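Undergrad: Next up is a structure, given as structure tokens.
The values are calculated or read from the model by the stated rules, or taken from the named source; none is laboratory data. Note that this is a predicted model, so its numbers are computed, not measured. Positions of Cβ are backbone-derived with ideal geometry, glycine not excepted, and every protein chain shown enters the neighbour counts.
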Amino acid sequence: MNHLWLRYALASYRRRGSLWGMLITAVLLTACRVPVEIEPQTVTPVPRPEVTVEPATAVIQPEATYSGSKDLVVCLPREPETLYRYGRAARVEKAILHAIYENDYTHLSFAYQPQGLVKLPSLGDGDAVWQQVTVKTGDRVVDIDGNVVVLSMGDRVQLANGETAVFAGTPLTMAQLAADFTLKPRLWADGVPVTAADSVYGFTLAAHPDTPAPKGKVERTASYTAVDDDTVRWIGLPGFHDATFFTNFWGPLPQHAWQQYTAADLLTAEASDRFPLGDGPFQVVEWAAGEYLRLEPNPFYYRAAEGLPHLDSVTFRFLPDPDQRLAQVLAGACDIVTQEAVDLSQAPLFLEAEAAGLLQPVFQIGAVYEAVTLGINSWGNYGDDLGRPDWFEDVRVRQALAMCLDRQAMVDALFYGRSEVMHSQIPAIHPLFTPEIQQWPYDVAAATAVLDAAGYRDTDQDGWREDPQTGEPFHITFTTTTEFAINQPLTAMIQSDLRACGVDAEIEYLPVGEWYAAGEESPLFGRRFDMGQIAWPVGDQSMCHLFASWEITGPDGRINPQTGAPYGSWDALNNTGWWLPEYDAACRKARELLPGMSGYEENFQETQRLLAENLPMIPLFMRLKLAVIRPTVRNFTLDPTQDSELWNLFALDLANSPEN
């Protein structure tokens, strides 16, 4: 299954093949756990005390606390396939690469921050600019739909003045984005300075067809050049409206050490695949295939004067067997257990160990939220008074159902109270969140009063409300899948909450591939459902288009009689069918602007207010990440949007005791 974050956002999330990858990853939140076979090597193992584990369920006492050297042990669910920067990029590989290479920038709490760069370029600061260029037949540009095209007759593009034009052969003036990135003074682990040319070398390798790296940004780059020893300049194709242009920096690679290799060679060469030369806080010194990987400090790390890194070594142990992994964690043989190596179902055991002072489970919201999606304007003969009444057209019904749901109880029961109830499509820690939105707290009395006022009453006193138009029971089919552990207890809670409001909900479980299927026959995107459970990602930028009228699913090219505009095709995303002109206007404005430009935040926050008031979907809660550490680990940070919890290995430390 494809990963959500490999999906290239430029095409406004409109292609269903990419959408499928997005949804599956957003719902799964897991990496592949396939053991990797590597040829054995003759090496001397890292000295580590043997741990004997009894097959009991009791928490096992940990090893003695640290004294003397600071040797951190990280337990992973598998061995890395490669340490080449442009090889596999799952969390296991990322964790180790964070040690070998400096982070050029970080991605914390839905925002970006410079680390190995002096700053991130900004349109307000002048190190990023819009420039006007003349384009003609045969030039590569990005069209109005975000596709890279060789300009020819009939192509639709956005002009520099913001207007849309159809190319008729006469040269046009388009806008082109450019940004400068300046490196901090950094050194490779052999003492050679890291230069802007090394970043250009990294870009060249990433762009090479033999390199299995994503090509979306590469293809939308007009040029990537070194301005001087420390600065590179990225220039996008005309028409490339990139909301994250300030991340268009390619990590440096050591050209002086690798220039004898071809791009294909670097995929397997020991110098890049197993013992790469980096500029990060650590370097690989030993790799025992199938057992562990040992790193020691880079003697030329550019932050050494700050006392970084704090650790004397980092050893990554490979424990593919879940039972062995859990036993080793409880035995204290692991200082850090990464999120893909533990399961949320194990949280009670870790909480028990925490109470005993042995382990510390670390919970953090992720970047995916659960929601109840509503079939407001259904397709064909399913709804709109053809197949069932238009229950959800009335905003009062949607608001009442939101108040029927005890979302905090769901968080407490499913996530040990560690997650966050959602009132918008973004969490409260998001930089663009506004508290000035309507909230619908759990209140059965208020919900029943609103349903009564909307005409949904229990007229025959059987405990269930009837539809005011038909007199038939207000009987909802709630659709979800059995694919994920929380779904069954969650839907049981939703069913119980709705029952308390007099609403009869029948649970329907479908295979994930059927519920999220593409095309007109999809129950979700074909708009043939009543209510359902869905997981949506939280973006750094505006994802308001998920509920915009132009994303309403329907036949490609046909006019939606309600909006007067074309459907978004069956590859679109708005499965509710809801639309609101004011919402559309605010969303369009937000998406036309880049972060930092006047009006961007205001329009995005307006979409939040309108969404919270109108509730085309009812946001429930954020999903959780979980990692486990020993109490002696210092400066560990599990972040919502930084994919790997080992992003700050340079700052991690070990204390001699939990109190120190």
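Undergrad: Could you grab me the full set of residues in the stretch 332-347 that are of a type in the set (A, V, I, L, M) and either modelled with pLDDT under 90 or in contact with a helix residue (DSSP H, G or I) (Cβ under 7 Å, 6 or more places away or on another chain) (or both)?
TA: Val337, Ala341
Undergrad: Name the residue that is farthest from Gln132 (Cα to Cα), counting only residues in the stretch 157-169 that are loosely packed, with under 14 Cβ neighbours inside 10 Å and not small (Gly, Ala, Ser). Explain how you work it out, then say what you get.
TA: Taking the stretch 157-169 first, the residues loosely packed, with under 14 Cβ neighbours inside 10 Å are 161-164, 166, 168-169.
Right, trim to not small (Gly, Ala, Ser) and you get 161, 163-164, 166.
Values: Asn161: 10, Glu163: 14, Thr164: 15, Val166: 18 Å.
Among those residues, the one meeting the criterion is Val166.
Undergrad: Here is a check on your reading of the model: is Ala243 in a loop (DSSP other than H, G, I, E, B) and modelled with pLDDT under 95?
TA: yes
Undergrad: Also: Would you please list the contacts, defined by Cβ atoms under 6 Å and residues six or more apart or on different chains, that run from a residue in the stretch 71-94 that is closer than 20 Å to Arg294 by Cβ to a residue that is of a type in the set (Asp, Glu)?
TA: Here the result reads Asp71/Asp312; Leu72/Asp335; Val73/Asp335; Pro77/Glu340; Pro80/Glu93; Thr82/Asp273; Tyr84/Asp273; Arg91/Glu340, each pair linking the stretch 71-94 to a residue that is of a type in the set (Asp, Glu).
Per-residue answers, yes or no, for (1) farther than 17 Å from Ala371 by Cβ; (2) surrounded by 24 or more Cβ atoms within 10 Å (Cβ to Cβ); (3) without any contact (Cβ under 8 Å) to a residue 24 or more places away in the chain:
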| position | (1), (2), (3) |
| --- | --- |
| Arg609 | yes, no, no |
| Asn614 | no, no, no |
| Ile618 | no, no, no |
| Val628 | yes, yes, no |
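Table: residues versus (1) under 26 Å from Glu520 (Cα atoms); (2) at pLDDT below 95; (3) surrounded by 21 or more Cβ atoms within 10 Å (Cβ to Cβ).
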position	(1), (2), (3)
Thr553	yes, no, yes
Asn575	yes, no, yes
Glu582	no, no, no
Gly596	no, yes, no
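Undergrad: Related question: Could you list all residues from the stretch 385-427 that are among the basic types (Lys, Arg) and assigned to a loop (DSSP other than H, G, I, E, B)?
TA: Arg388, Arg418
Undergrad: Could you say which residue among Gly375, Gly332 is over 15 Å from Val73 (Cβ atoms) and either hydrophobic (A, V, I, L, M, F, W, C) or touching an Asp or Glu at 6+ places or on another chain (Cβ under 7 Å) (or both)?
TA: Numbers: Gly332 fails: over 15 Å from Val73 (Cβ atoms).
Just a single option satisfies the conditions, and that option is Gly375.
Yes/no per residue for (1) modelled with pLDDT of 95 or more; (2) outside the structural domain of Asn377 (by TED's automatic domain parsing); (3) in contact with a strand residue (DSSP E or B) (Cβ under 8 Å, 6 or more places away or on another chain):
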position: Ala446; (1), (2), (3): yes, no, no
position: Tyr456; (1), (2), (3): yes, no, yes
position: Trp464; (1), (2), (3): yes, no, yes
position: Thr470; (1), (2), (3): no, no, no
position: Thr480; (1), (2), (3): yes, no, yes
position: Thr491; (1), (2), (3): yes, no, yes
position: Ser496; (1), (2), (3): yes, no, no
position: Val512; (1), (2), (3): no, no, yes
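Undergrad: If a residue has to be within 32 Å of the chain's Cα centre (by Cα) and not in a strand (DSSP E or B) to count, how many in the stretch 161-173 make the cut?
TA: Residues that pass the stated criteria total 1.
Undergrad: If you go through the stretch 272-305 one residue at a time, how many are among the hydrophobic types (A, V, I, L, M, F, W, C), closer than 23 Å to Pro77 by Cβ, in contact with a helix residue (DSSP H, G or I) (Cβ under 9 Å, 6 or more places away or on another chain) and assigned to a loop (DSSP other than H, G, I, E, B)?
TA: Residues flagged as among the hydrophobic types (A, V, I, L, M, F, W, C), closer than 23 Å to Pro77 by Cβ, in contact with a helix residue (DSSP H, G or I) (Cβ under 9 Å, 6 or more places away or on another chain) and assigned to a loop (DSSP other than H, G, I, E, B) within the stretch 272-305 amount to 0.
Undergrad: In addition: Pairs under 6 Å by beta carbon, first residue free of Cβ contacts under 8 Å to residues at least 24 places away in the same chain in the stretch 116-142, partner surrounded by 12 or more Cβ atoms within 10 Å (Cβ to Cβ) and in a strand (DSSP E or B), six or more apart or different chains?
TA: Short answer, once both residue conditions are applied: none.
Undergrad: Which one of these does Asp571 not meet: (1) touching a helix residue (DSSP H, G or I) at 6+ places or on another chain (Cβ under 7 Å); (2) within 29 Å of Pro523 (Cα to Cα); (3) assigned to a helix (DSSP H, G or I); (4) of a type outside the set (A, V, I, L, M, F, W, C)?
TA: Unmet condition: (3).
For (1) in the same structural domain as Leu524 (by TED's automatic domain parsing); (2) out of contact with any helix residue (DSSP H, G or I) (no Cβ under 8 Å at 6 or more places or on another chain); (3) over 30 Å from Phe300 (Cα atoms); (4) β-branched (Val, Ile, Thr), each residue gets a yes or a no:
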{"residue": "Arg588", "(1), (2), (3), (4)": "yes, yes, yes, no"}
{"residue": "Glu592", "(1), (2), (3), (4)": "yes, yes, yes, no"}
{"residue": "Asn603", "(1), (2), (3), (4)": "yes, no, yes, no"}
{"residue": "Arg609", "(1), (2), (3), (4)": "yes, yes, yes, no"}
{"residue": "Pro619", "(1), (2), (3), (4)": "yes, yes, yes, no"}
{"residue": "Arg630", "(1), (2), (3), (4)": "no, yes, no, no"}
{"residue": "Val633", "(1), (2), (3), (4)": "no, yes, no, yes"}
{"residue": "Phe636", "(1), (2), (3), (4)": "no, yes, no, no"}
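Undergrad: Still on this structure: If you check Arg418 against the conditions, is it charged (D, E, K, R), surrounded by fewer than 22 Cβ atoms within 10 Å (Cβ to Cβ) and within 30 Å of Leu624 (Cα to Cα)?
TA: yes
Undergrad: Name the single residue that is surrounded by the most Cβ atoms within 10 Å (Cβ to Cβ) among those in the stretch 513-529 being within 24 Å of Ser496 (Cβ to Cβ) and under 23 Å from the mean Cα position of the chain (by Cα).
TA: Trp515
Undergrad: Are there any pairs, at least 6 apart or on different chains, whose C-beta atoms fall under 8 Å, with the first in the stretch 378-405 and more than 21 Å from Met493 (Cα to Cα) and assigned by TED's automatic domain parsing to the domain that holds Pro555 and the second hydroxyl-bearing (Ser, Thr, Tyr) and at pLDDT below 95, and if so, which?
TA: As it stands, the answer is Asp384/Ser378; Gly387/Ser378; Arg388/Ser378; Arg388/Tyr382; Pro389/Thr470, since those pairs meet every condition given.
Undergrad: Among (1) out of contact with any Asp or Glu (no Cβ under 6 Å at 6 or more places or on another chain); (2) part of a helix (DSSP H, G or I), which single condition is Gln461 missing?
TA: With respect to (1) out of contact with any Asp or Glu (no Cβ under 6 Å at 6 or more places or on another chain); (2) part of a helix (DSSP H, G or I), Gln461 is out only on (2).
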